[in-house]
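Following: one structure in C-alpha coordinates, then a few remarks.
The values are calculated or read from the model by the stated rules, or taken from the named source; none is laboratory data. Everything quoted here is computed from the prediction, not taken from an experiment. Don't worry about glycine lacking a Cβ; one is built from the backbone with ideal geometry, like all the others, and counts go over all protein chains shown. These accessible areas exclude ligands, DNA and RNA; they are computed on the full protein's heavy atoms, side chains included. Shrake-Rupley method; radii C 1.70, N 1.55, O 1.52, S 1.80 Å.
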Amino acid sequence: MLVTERQTQAEEIKALAEKYEKNRSSLMPILQAIQAKYSHISDFAMQEIARHLDIHPVEIYGVISFYAFLRTEQTGKFVIRLCRTLSCDMAGKARVARQLESELGIVFGETTSDGHFTLEYANCLGLCDQGPAMLVNDTAFTGVTPEKVHEIIKGCKRTFSVYAQEGLKHA
(Lines give C-alpha, C1' and ligand atoms only; values in the text may rest on other atoms or scores of the structure.)
Protein backbone atom coordinates (compact mmCIF):
# COMPACT_ATOMS: atom_id res chain seq x y z
CA MET A 1 0.00 0.00 0.00
CA LEU A 2 1.28 3.40 -0.99
CA VAL A 3 1.29 5.89 1.88
CA THR A 4 1.09 9.51 0.81
CA GLU A 5 2.87 12.38 2.49
CA ARG A 6 -0.51 13.68 3.64
CA GLN A 7 -1.35 10.36 5.31
CA THR A 8 2.01 10.36 7.02
CA GLN A 9 1.56 13.94 8.21
CA ALA A 10 -1.97 13.20 9.41
CA GLU A 11 -0.66 10.29 11.50
CA GLU A 12 2.10 12.46 12.93
CA ILE A 13 -0.38 15.17 13.89
CA LYS A 14 -2.65 12.61 15.49
CA ALA A 15 0.28 11.26 17.53
CA LEU A 16 1.32 14.78 18.54
CA ALA A 17 -2.25 15.65 19.58
CA GLU A 18 -2.39 12.52 21.75
CA LYS A 19 1.04 13.27 23.22
CA TYR A 20 0.03 16.82 24.20
CA GLU A 21 -3.50 15.88 25.42
CA LYS A 22 -5.67 17.41 22.65
CA ASN A 23 -6.36 20.86 24.09
CA ARG A 24 -5.61 24.47 23.17
CA SER A 25 -2.42 24.56 25.19
CA SER A 26 -0.99 21.86 22.95
CA LEU A 27 -1.30 24.05 19.85
CA MET A 28 2.15 25.67 20.07
CA PRO A 29 4.14 22.46 20.68
CA ILE A 30 2.32 20.79 17.78
CA LEU A 31 2.92 23.76 15.47
CA GLN A 32 6.60 23.85 16.44
CA ALA A 33 6.98 20.11 15.82
CA ILE A 34 5.36 20.34 12.38
CA GLN A 35 7.41 23.43 11.53
CA ALA A 36 10.62 21.68 12.58
CA LYS A 37 9.92 18.64 10.44
CA TYR A 38 8.44 20.23 7.31
CA SER A 39 9.93 23.76 7.55
CA HIS A 40 6.43 25.19 7.21
CA ILE A 41 2.84 24.53 8.26
CA SER A 42 0.67 23.70 5.29
CA ASP A 43 -3.06 24.32 4.89
CA PHE A 44 -3.56 20.57 5.23
CA ALA A 45 -1.61 20.50 8.51
CA MET A 46 -3.68 23.40 9.85
CA GLN A 47 -6.89 21.51 9.00
CA GLU A 48 -5.65 18.34 10.68
CA ILE A 49 -4.47 20.15 13.80
CA ALA A 50 -7.81 21.99 14.00
CA ARG A 51 -9.70 18.70 13.70
CA HIS A 52 -7.70 17.02 16.48
CA LEU A 53 -7.81 19.99 18.84
CA ASP A 54 -11.43 20.85 18.05
CA ILE A 55 -10.70 24.48 17.22
CA HIS A 56 -11.33 26.46 14.04
CA PRO A 57 -8.54 26.51 11.41
CA VAL A 58 -8.74 30.32 11.32
CA GLU A 59 -7.54 30.40 14.93
CA ILE A 60 -4.57 28.27 13.97
CA TYR A 61 -3.78 30.54 11.05
CA GLY A 62 -4.03 33.52 13.41
CA VAL A 63 -1.41 31.99 15.72
CA ILE A 64 0.90 31.14 12.81
CA SER A 65 0.63 34.60 11.28
CA PHE A 66 1.28 36.25 14.68
CA TYR A 67 4.60 34.52 15.32
CA ALA A 68 7.38 35.39 12.86
CA PHE A 69 9.09 32.04 13.33
CA LEU A 70 6.04 30.05 12.20
CA ARG A 71 5.47 29.85 8.44
CA THR A 72 2.88 28.77 5.93
CA GLU A 73 5.38 28.67 3.05
CA GLN A 74 8.31 26.34 2.42
CA THR A 75 11.75 27.62 3.48
CA GLY A 76 15.26 26.42 2.90
CA LYS A 77 16.89 23.76 5.04
CA PHE A 78 18.93 26.58 6.57
CA VAL A 79 17.05 29.74 7.47
CA ILE A 80 19.53 32.56 8.01
CA ARG A 81 18.19 35.51 10.00
CA LEU A 82 20.37 38.61 10.20
CA CYS A 83 19.61 41.06 12.97
CA ARG A 84 18.70 44.48 11.64
CA THR A 85 18.71 46.56 14.81
CA LEU A 86 20.62 49.83 15.10
CA SER A 87 23.43 48.27 17.13
CA CYS A 88 24.04 45.58 14.48
CA ASP A 89 23.77 48.28 11.83
CA MET A 90 26.53 50.26 13.52
CA ALA A 91 28.67 47.12 13.91
CA GLY A 92 28.76 46.39 10.17
CA LYS A 93 25.52 44.58 9.33
CA ALA A 94 25.43 46.00 5.78
CA ARG A 95 28.73 44.34 4.83
CA VAL A 96 27.54 41.03 6.28
CA ALA A 97 24.24 41.31 4.38
CA ARG A 98 26.05 41.95 1.09
CA GLN A 99 28.34 38.96 1.69
CA LEU A 100 25.38 36.68 2.46
CA GLU A 101 23.59 37.76 -0.73
CA SER A 102 26.77 37.34 -2.74
CA GLU A 103 27.58 33.89 -1.31
CA LEU A 104 24.07 32.55 -1.84
CA GLY A 105 23.08 34.43 -5.01
CA ILE A 106 19.76 35.58 -3.53
CA VAL A 107 18.48 38.68 -1.78
CA PHE A 108 16.80 38.87 1.61
CA GLY A 109 13.31 37.39 1.55
CA GLU A 110 14.26 34.69 -0.98
CA THR A 111 15.14 30.98 -0.92
CA THR A 112 17.85 29.47 -3.09
CA SER A 113 16.58 27.48 -6.07
CA ASP A 114 17.97 24.25 -4.58
CA GLY A 115 15.91 24.87 -1.42
CA HIS A 116 18.92 24.85 0.88
CA PHE A 117 19.01 28.46 2.13
CA THR A 118 16.51 31.18 3.01
CA LEU A 119 17.66 34.70 3.88
CA GLU A 120 15.63 36.88 6.24
CA TYR A 121 16.05 39.87 8.50
CA ALA A 122 15.15 39.58 12.18
CA ASN A 123 14.07 42.55 14.24
CA CYS A 124 16.23 41.74 17.28
CA LEU A 125 18.08 38.62 18.33
CA GLY A 126 18.86 39.95 21.82
CA LEU A 127 22.59 39.97 21.11
CA CYS A 128 23.00 43.73 20.71
CA ASP A 129 26.34 43.81 22.55
CA GLN A 130 27.83 41.22 20.19
CA GLY A 131 26.69 42.42 16.76
CA PRO A 132 26.40 41.90 13.96
CA ALA A 133 24.47 38.82 14.98
CA MET A 134 22.63 36.22 12.97
CA LEU A 135 20.83 32.94 13.47
CA VAL A 136 21.25 29.93 11.24
CA ASN A 137 18.20 27.90 12.19
CA ASP A 138 18.59 27.81 16.00
CA THR A 139 22.34 28.46 16.14
CA ALA A 140 23.44 32.01 17.00
CA PHE A 141 26.54 33.60 15.50
CA THR A 142 27.92 36.84 16.94
CA GLY A 143 30.54 39.31 15.82
CA VAL A 144 29.86 38.16 12.27
CA THR A 145 32.16 39.48 9.57
CA PRO A 146 32.08 38.89 5.80
CA GLU A 147 34.92 36.39 6.28
CA LYS A 148 32.91 34.52 8.95
CA VAL A 149 29.92 34.43 6.58
CA HIS A 150 31.98 32.44 4.11
CA GLU A 151 32.96 29.92 6.80
CA ILE A 152 29.40 29.65 8.14
CA ILE A 153 27.96 29.00 4.67
CA LYS A 154 30.74 26.52 3.99
CA GLY A 155 29.84 24.70 7.22
CA CYS A 156 26.20 24.53 6.16
CA LYS A 157 27.11 23.19 2.73
CA ARG A 158 29.24 20.47 4.30
CA THR A 159 26.06 18.95 5.70
CA PHE A 160 24.87 18.31 2.14
CA SER A 161 27.89 16.24 1.16
CA VAL A 162 27.97 12.46 1.24
CA TYR A 163 30.61 12.71 3.96
CA ALA A 164 28.44 14.83 6.23
CA GLN A 165 28.82 13.52 9.76
CA GLU A 166 28.03 16.48 11.94
CA GLY A 167 25.58 19.34 11.93
CA LEU A 168 26.36 23.02 11.88
CA LYS A 169 29.00 24.22 14.34
CA HIS A 170 29.89 27.71 15.48
CA ALA A 171 32.41 29.41 13.23
Using θ = phi - 60° and the Karplus form 6.51 cos²θ - 1.76 cosθ + 1.60, what ³J(HN,Hα) does each residue of the stretch 108-122 get, whole Hz, x for Gly and Pro? 4, x, 10, 10, 4, 5, 7, x, 8, 10, 10, 10, 9, 9, 10
At R0 = 25 Å, FRET efficiency that the Cβ-Cβ distance of THR159 and ASN23 yields, to 0.05: 0.10
With the contact rule set at Cα under 8 Å and sequence spacing of 6 or more, what percent relative contact order holds for the stretch 25-166? 21 percent
Relative to the longest principal Cα axis of the chain, at what angle does helix 146-158 sit, 0 to 90 degrees, rounded to 10? 40 degrees
Rg and Dmax [Cα atoms of the chain; Å; Rg one decimal, Dmax integer]: 18.1, 58
Find me the longest stretch of the chain that has none of the exposed chymotrypsin sites (Phe, Trp or Tyr not before Pro), where exposed means in a DSSP loop (not H, G, I, E or B) with at most 14 other Cβ atoms within 10 Å. 70-159
Probe 1.4 Å, accessible area per residue of the stretch 1-113, Å²: 60 Å²
Treat each spin label as a single point 7 Å out from the Cα along the C-beta direction, and report the THR139 to ASP54 distance in nm. 4.4 nm
Given the Cα-Cα distance of PHE66 and GLU11 and 0.36 nm per residue of separation, how much length would full extension add, in nm? 17.2 nm
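Only helical DSSP H runs with n ≥ 4 go in: add -39500 (n - 2.57) per run for the chain, normalise by residue count and round the 222 nm mean residue ellipticity to 500 deg cm²/dmol.
Calculated at 222 nm, the ellipticity per residue is -14000 deg cm²/dmol.
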Lys pairs in the chain, Cα-Cα under 18 Å, at least 8 apart or on separate chains: how many? 12
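Determine the share of the chain's accessible area contributed by carbon and sulfur atoms, expressed in whole percent, with a 1.4 angstrom probe. Walk me through the numbers before you get to the answer.
On the way: 5160 of 10050 Å².
Reported share for carbon and sulfur atoms: 51 percent.
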Enumerate the amide H contacts of ARG71 below 5 Å, restricted to partners 5 or more residues apart or on another chain; note that Pro and chain-start residues carry no placed amide H. ILE41
